[in-house]
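Right, one structure below, let's go through it.
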Amino acid sequence: MKRVLDDAVVLVASAARLIVRYVCAMARAHGFRVFVVQAFPNQRKGRDALDASDSSTVRGEVIELLEALFAQGTKTFAPRPPDNGEPEKPTVSVTVHEPVVVSQGMVHVAVAMGESGSHRQATRTAKKPKNLEKWSPEQDHSVAFLFPRDIEDRFLIVVQTIKRRDPLKRLLSLMTRESYDRRKKAEAREKLDRKKARERREPLPAKQVHFKLLFEANQAADNEYLDSILSGADSATATFKSTRASSRGSNRPEVSRVLRITLRDADVQDVGRAIGRTWSARRRRGEKMTQVEGVSELAALLYERDLLDEDEGDRYENAAISVRSDARDTTTIAVDTLRDVFTYPVSDGPPSTWFYYDRVAPRVATIARQERLPISTIDPREVEECLKG
């Protein structure tokens with residue numbers, strides 16, 4: 001066991017670079033995330049999720065919502081006013097393209113997302129630069145809705161990431177807002193029809209049940225993928241950190257104490273697998289988890305293996321395991337990096353439809369089996385042909 005304890009102040013800039021390097025080392029510019037999703041009528045609390053099978057009302061409603069958003073064009077999300085003199089955040093733009101029904105169980109849609117002012121200009125060889133300061137340059141993200149063959153209250157969404165960003169949160173927000181608008185319009189039409197029937201002294205039409213869809217999406221964690229990272233590990237380091245208020249007046253705290261414990265051989269897989277599966281399972285269930293809880297659980301695992309003294313973890317506020325492979329790639333498993341751990345890599349350059357779904361298909365099959373969802377196998381060639389029109 002090798003332990004390095006550094007009680008000196010560690011500059012926050014150095015710590016930030018360390019974390020970014022750990023998180024990004026295995027990242028590719030293009031990847032994807034998989035989410036397990038449920039749809040609820042009007043409210044989530046106290047309600048059962050609706051059937052989301054490939055013959056369900058939810059599937060039909062999802063297609064209609066996507067088609068409505070496509071017809072409406074680009075939507076924007078204005079930022080909140082900045083605090084403490086911070087620069088104003090950019091306005092996010094989202095453009096939903098026309099959805100394509102690939103099969104009964106799969107609906108594909110491209111969703112473009114960008115930020116106003118994110119690029120000052122666009123250039124091209126031998127051409128005059130184009131000013132983009134008032135524009136929102138967007139990038140297309142592939143989004144696939146995968147509905148199970150049998151009656152289930154869960155379905156999957158696969159969303160493409162570009163430089164670790166994806167548009168799913170914005171897309172589901174737009175879909176819920178559109179579903180609410182549709183409900184209000186349907187209620188207004190029904191009220192008018194009943195009023196007219198009364199005026200004509202005709203039998204009143206039966207009241208219909210109208211609802212808006214609320215979506216709850218939790219990122220799926222593929223245990224086999226986590227195991228593959230750990231089994232290919234050459235070494236790993238458990239890092240604990242404590243912080244204090246910045247002496248420079250910054251809102252970001254300074255790192256004041258760092259404890260690093262080098263893990264070898266079986267400890268890498270045992271500790272990494274145990275803590276990774278525990279944290280990812282909580283995230284999958286939508287449970288919130290604090291840094292303090294993360295520190296406590298990792299410290300307990302290390303104490304069981306005589307790698308940490310009892311109660312020593314109480315001195316720290318953050319904890320993570322950095323796993324290094326033979327190929328010198330590094331992945332960090334921490335409470336606040338699980339989203340990126342389970343961002344599956346695809347390519348550095350923009351992938352073709354076939355190339356992208358060829359990487360997506362086996363991972364979705366594994367996650368569907370793990371979640372016990374009867375999702376049909378994705379055929380990359382079929383998707384490519386459908387999207388060609």
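The values are calculated or read from the model by the stated rules, or taken from the named source; none is laboratory data. Remember, predicted model here, so these are calculated numbers, not experimental data. Cβ sites come from the backbone with ideal geometry, for glycine too, and all protein chains shown count toward neighbours. The area values use the complete protein model at the heavy-atom level, side chains included, leaving out ligands, DNA and RNA. Shrake-Rupley method; radii C 1.70, N 1.55, O 1.52, S 1.80 Å.
A few points about this structure:
- Net dipole in debye of the stretch 105-243 [+1 Lys, Arg Cβ; -1 Asp, Glu Cβ; about Cα centre; nearest 20]: 1380 debye
- Degrees separating the helix 266-284 axis from the principal Cα axis of the chain, which is the longest one: 30 degrees
- Placing unit charges on each Cβ (+1 for Lys and Arg, -1 for Asp and Glu) gives the stretch 170-289 a dipole about its Cα centre, and among 289, 176, 192 the Cα reaching farthest toward its positive end belongs to 192.
- Dipole size of the chain about its Cα centre, with +1 on Lys/Arg Cβ and -1 on Asp/Glu Cβ: approximately 1900 debye, rounded to the nearest 20.
- The chain: most fluctuating residue of 212, 75, 191 per GNM, C-alpha cutoff 10 Å: 191
- The stretch between residue 300 and residue 277 holds 6.8 nm of extra length on full extension. This uses 0.36 nm per residue minus the Cα-Cα distance.
- Given charges at Cβ of Lys, Arg, Asp, Glu: the chain dipole, positive-most of 66, 36, 320: 66
- Spacing of the modelled spin labels on residue 382 and residue 165, each 7 Å from Cα toward Cβ, amounts to 3.3 nm.
- Portion, in percent, of the accessible area of the chain that falls on carbon or sulfur, probe 1.4 Å: 46 percent
- Overall form of the stretch 44-136 per C-alpha gyration tensor (a/c, 1.5; a/b vs b/c): oblate
- Longest exposed-site-free window of the chain, the sites being GluC sites (Glu not before Pro) in a DSSP loop that have at most 14 other C-beta atoms within 10 Å: 134-286
- The shape of the stretch 282-389 comes out prolate: with a ≥ b ≥ c from the C-alpha gyration tensor, a/c is at least 1.5 and a/b beats b/c.
- Segment residue 29-residue 262, extension gain: residue separation times 0.36 nm, minus the distance between their alpha carbons: 80.9 nm
- Dipole magnitude of the stretch 181-235 about its Cα centre (Cβ charges: Lys, Arg +1; Asp, Glu -1), debye to nearest 20: 1460 debye
- Choice from 350, 362, 205 with maximal GNM fluctuation in the chain (Cα, 10 Å cutoff): 205
- Probe 1.4 Å, accessible area per residue of the chain, Å²: 55 Å²
- With contacts taken as Cα pairs under 8 Å at a separation of at least 6 residues, the stretch 209-348 carries a relative contact order of 30 percent.
- The stretch 86-179 shape via C-alpha gyration tensor axes, a/c threshold 1.5: prolate
- The stretch 325-389-the stretch 147-167 distance, computed between alpha-carbon centres (Å): 11 Å
- Reported label for calculated Rg/Rh (Cα atoms, Kirkwood Rh) given [x] 1.15; [y] 0.96; [z] 1.03: [z]
- Difference of contour (0.36 nm per residue) and Cα-Cα distance, residue 234 to residue 188: 10.2 nm
- Lys/Arg +1, Asp/Glu -1 at C-beta; the chain dipole; positive extreme among 151, 55, 360: 55
- Within the stretch 98-121, backbone nitrogen closer than 18 Å to the virtual label 7 Å beyond the Cα of residue 127 toward Cβ: 119-121
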